[in-house]
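The values are calculated or read from the model by the stated rules, or taken from the named source; none is laboratory data. Just so it is clear, the model here is predicted, and its values are computed rather than measured. Note that we place each Cβ from the backbone using ideal geometry, even for glycine, and neighbour counts take in every protein chain shown.
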Amino acid sequence: MRSPQALRNGDNPNPHFHSTVTEQKLRRFNFLILVFRLTSFSFSLAASVFMVTNSRGSDSPHWYDFDAFRLVFAAAAIVTLYSLFELGASVWEISRGATLFPEILQVWFDFGHDQVFTYLLLSASSAGASLARTLKERETCTASNAFCVQSDIAVALGFAAFLFLGFTSLLTGFRVVCFIINGSRFHL
């Protein structure tokens, strides 16, 4: 049994008890993750749509003729699907107050996949930006060339998706650290 002094110093006799303030912080934290996931989903979806619709006619280049642009499309499409799944998992967690998978699995799944897909987006967008620059140096692209403008937009949207998935990755990393320190549902 704990002494009255220990209880006055803030030791919780019931480690599974969550105060209302803690639950509100957890809910806000999960909502912030949801917002970042929704934003990365939107940007990656827009990047994939901009890239796949980037064909103007028989005399214009096609996006699928360039490896880097195919990589931009594939990475954006993969992140779109992953983000859609994670949106569902986030909504489930916020509405039900429990994770979709067992908590230890969910915490590591989210963090690991966020890391992998963040780096995937970064590398694909970097390759696309490098190709777009090369096309401009070869004078294949001009300022008024719709193919090049749309390619630039798709690459920029890929970088934006990377940025918000990176923010999500930081939050899920914080969640992993809290889980390791506390051994169960993390406390903020």
Q | Extreme residue, farthest from residue 30 (Cα to Cα), among residues of the range 131-167 that are within 26 Å of the chain's Cα centre (by Cα) and of a type in the set (Phe, Trp, Tyr) | A | 159
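Scan the range 120-134 residue by residue and report those that are aliphatic (A, V, I, L, M), closer than 17 Å to residue 65 by Cα, buried (at least 20 other Cβ atoms within 10 Å of the Cβ) and touching a Ser or Thr at 6+ places or on another chain (Cβ under 9 Å). Give the steps one after another, and end with the answer.
Filtering the range 120-134 for residues aliphatic (A, V, I, L, M) gives 120-122, 124, 127, 129, 131-132.
Next, from what is left, pick out any that are closer than 17 Å to residue 65 by Cα: 124, 127, 129, 131-132.
Now drop any that are not buried (at least 20 other Cβ atoms within 10 Å of the Cβ), which leaves 124, 127, 132.
132, the sole residue that qualifies.
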Q. Looking at the range 69-119, which of the residues that are crowded, with 16+ Cβ neighbours inside 10 Å and of a type in the set (Phe, Trp, Tyr) is farthest from the chain's Cα centre (by Cα)?
A. 69
(Q) Which numbered condition in (1) small (Gly, Ala, Ser); (2) buried (at least 19 other Cβ atoms within 10 Å of the Cβ); (3) over 14 Å from the mean Cα position of the chain (by Cα) is the only one that residue 44 fails? (A) (3)
**Q.** Matching residues, the range 164-185, being of a type in the set (A, V, I, L, M) and in contact (Cβ under 8 Å) with a residue 24 or more places away in the chain
**A.** 165, 171, 176
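Results for (1) at pLDDT below 95; (2) in a loop (DSSP other than H, G, I, E, B); (3) more than 30 Å from residue 135 (Cβ to Cβ); (4) charged (D, E, K, R), shown as yes or no for each residue.
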| site | (1), (2), (3), (4) |
| --- | --- |
| 5 | yes, no, yes, no |
| 12 | yes, yes, yes, no |
| 17 | yes, yes, yes, no |
| 26 | yes, no, yes, no |
| 32 | no, no, yes, no |
| 37 | no, no, yes, yes |
| 99 | yes, yes, yes, no |
| 104 | yes, no, yes, no |
Q: Please determine, by comparing only the residues of the range 53-93 that are assigned to a helix (DSSP H, G or I) and among the β-branched types (Val, Ile, Thr), which one is farthest from residue 120 (Cα to Cα).
A: 91
Q | Tally of residues being over 21 Å from residue 35 (Cβ atoms), without any contact (Cβ under 8 Å) to a residue 12 or more places away in the chain and among the aromatic types (Phe, Trp, Tyr) across the range 102-140 | A | 1
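Look at the range 94-109 and say how many of its residues are in contact with a helix residue (DSSP H, G or I) (Cβ under 6 Å, 6 or more places away or on another chain) and among the charged types (D, E, K, R). Spell out the reasoning first.
Initial filter on the range 94-109 (in contact with a helix residue (DSSP H, G or I) (Cβ under 6 Å, 6 or more places away or on another chain)): 94, 99-100, 107.
With the extra rule that they be among the charged types (D, E, K, R), the set shrinks to none.
Within the range 94-109, residues that are in contact with a helix residue (DSSP H, G or I) (Cβ under 6 Å, 6 or more places away or on another chain) and among the charged types (D, E, K, R) number 0.
Does the range 106-148 hold any residues that are of a type in the set (S, T, N, Q) and assigned to a helix (DSSP H, G or I), and which are they?
Of the residues in the range 106-148, the ones of a type in the set (S, T, N, Q) are 106, 115, 118, 123, 125-126, 130, 134, 140, 142, 144-145.
If the condition is that a residue be of a type in the set (S, T, N, Q) and assigned to a helix (DSSP H, G or I), then 106, 115, 118, 123, 125, 126, 130, 134 are the ones that fit.
State yes or no: is residue 151 in a helix (DSSP H, G or I) and surrounded by fewer than 19 Cβ atoms within 10 Å (Cβ to Cβ)?
Details: in a helix (DSSP H, G or I): yes; surrounded by fewer than 19 Cβ atoms within 10 Å (Cβ to Cβ): no.
Against the criterion (in a helix (DSSP H, G or I) and surrounded by fewer than 19 Cβ atoms within 10 Å (Cβ to Cβ)), residue 151 does not qualify.
Return yes or no: is residue 99 under 20 Å from residue 32 (Cβ atoms) and β-branched (Val, Ile, Thr)?
Working: under 20 Å from residue 32 (Cβ atoms): yes; β-branched (Val, Ile, Thr): yes.
Yes: the conditions hold for residue 99.
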